[in-house]
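Report on the structure given below.
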Amino acid sequence: MKLKLVSLLAATCVAAISLPAVASEDLAKANGCTACHQLDKKVIGPAYGQVSACYATKDAKKLVDNKAKLVKHVIDGGAGVFGQIPMPAHPQLKDGAKNAELVKIVDWIMKDVKATECPKEFKPK
Ligand code: HEC
């Protein structure tokens, strides 16, 4: 019985450690982001690898600012950063648990998605 509990705990730990990256990608799918965004290829929206490359910085404070900007842009929508195609607004991600999901997705883009190249048309707002 004790052994069973220990192995159950161990299994839970492994799941908890290996979960975050996968979970965030699943969140992007569940929230419809993957209809326009892939990891390494521009489709309708920029590849997440491009987003990661364009906003990467070694300055921790600047990184926090950049992530806040990205969260805001996803909520408000709009065009002009990666070209003229607009991202639709996502007002449903503004508050509460849904907002926490968006913050997680943006954290994942900046931390876990492999940066590719920042495109020439990139114009940060
Ligand atoms: C209908 C297509 C579409 C959907 C759905 C969509 N996006 Fe976008 N996304 C775009 C486009 C187009 C841009 C580029 C906008 C621009 O150039 O200003 C963009 C830009 C971005 C950026 C970069 C913003 C910036 O300021 O540089 C991030 C991050 C992003 N999207 C994340 C998301 C997330 C997370 C979701 C899901 C909640 C999502 N997108 C859903 C089309 C989409």
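The values are calculated or read from the model by the stated rules, or taken from the named source; none is laboratory data. Keep in mind that what you see is a predicted model, and the values were worked out from it rather than measured. Here Cβ is always computed from backbone atoms with ideal geometry, including for glycine, and neighbour counts include all displayed protein chains.
Here's the yes/no breakdown for (1) more than 27 Å from Gly96 (Cβ to Cβ); (2) exposed (fewer than 12 other Cβ atoms within 10 Å of the Cβ):
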| residue | (1), (2) |
| --- | --- |
| Ala28 | no, no |
| Gln38 | yes, no |
| Val43 | yes, yes |
| Tyr48 | no, no |
| Ala56 | yes, no |
| Lys69 | no, no |
| His73 | no, no |
| Asp76 | no, no |
| Val81 | no, no |
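The rows are residues; the columns are (1) of a type in the set (A, V, I, L, M, F, W, C); (2) closer than 30 Å to Gly78 by Cβ; (3) at pLDDT 60 or above.
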{"position": "Ala11", "(1), (2), (3)": "yes, no, no"}
{"position": "Ala15", "(1), (2), (3)": "yes, no, no"}
{"position": "Glu25", "(1), (2), (3)": "no, yes, yes"}
{"position": "Ala28", "(1), (2), (3)": "yes, yes, yes"}
{"position": "Ala35", "(1), (2), (3)": "yes, yes, yes"}
{"position": "Asp40", "(1), (2), (3)": "no, yes, yes"}
{"position": "Gly45", "(1), (2), (3)": "no, yes, yes"}
{"position": "Gly49", "(1), (2), (3)": "no, yes, yes"}
{"position": "Cys54", "(1), (2), (3)": "yes, yes, yes"}
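Among what's in the stretch 93-125 and is near the ligand (Cβ under 9 Å from one of its atoms) and over 19 Å from Tyr55 (Cα atoms), pick the residue that is nearest to the chain's Cα centre (by Cα).
The extreme case among them is Glu101.
Restricting the first residue to the stretch 77-102 and requiring it to be modelled with pLDDT of 95 or more, which pairs with a second residue that is part of a loop (DSSP other than H, G, I, E, B) and basic (Lys, Arg) meet a Cβ separation below 8 Å and a spacing of at least six or different chains?
Close Cβ pairs (under 8 Å, with a partner that is part of a loop (DSSP other than H, G, I, E, B) and basic (Lys, Arg)) amount to Gly80/Lys123; Gly80/Lys125; Val81/Lys123; Val81/Lys125.
Can you tell me which of (1) part of a helix (DSSP H, G or I); (2) surrounded by fewer than 18 Cβ atoms within 10 Å (Cβ to Cβ); (3) within 11 Å of the ligand (Cβ to nearest atom) is the one Ser52 doesn't meet?
Among (1) part of a helix (DSSP H, G or I); (2) surrounded by fewer than 18 Cβ atoms within 10 Å (Cβ to Cβ); (3) within 11 Å of the ligand (Cβ to nearest atom), the lone unmet condition for Ser52 is (2).
Tell me which residues, restricted to the stretch 108-121, are surrounded by fewer than 16 Cβ atoms within 10 Å (Cβ to Cβ), out of contact with any strand residue (DSSP E or B) (no Cβ under 9 Å at 6 or more places or on another chain) and in contact (Cβ under 8 Å) with a residue 40 or more places away in the chain. Lay out the reasoning, then the answer.
Pass one, the stretch 108-121, residues surrounded by fewer than 16 Cβ atoms within 10 Å (Cβ to Cβ): 111-112, 114, 117, 119-121.
Retained after the next criterion (residues that are out of contact with any strand residue (DSSP E or B) (no Cβ under 9 Å at 6 or more places or on another chain)): 111-112, 114, 117, 120-121.
Of everything in the stretch 108-121, those that are surrounded by fewer than 16 Cβ atoms within 10 Å (Cβ to Cβ), out of contact with any strand residue (DSSP E or B) (no Cβ under 9 Å at 6 or more places or on another chain) and in contact (Cβ under 8 Å) with a residue 40 or more places away in the chain turn out to be Asp112, Lys114, Glu117.
Kindly provide the set of residues from the stretch 35-49 that are near the ligand (Cβ under 9 Å from one of its atoms), under 11 Å from the mean Cα position of the chain (by Cα) and assigned to a helix (DSSP H, G or I), ordered by number.
Tyr48
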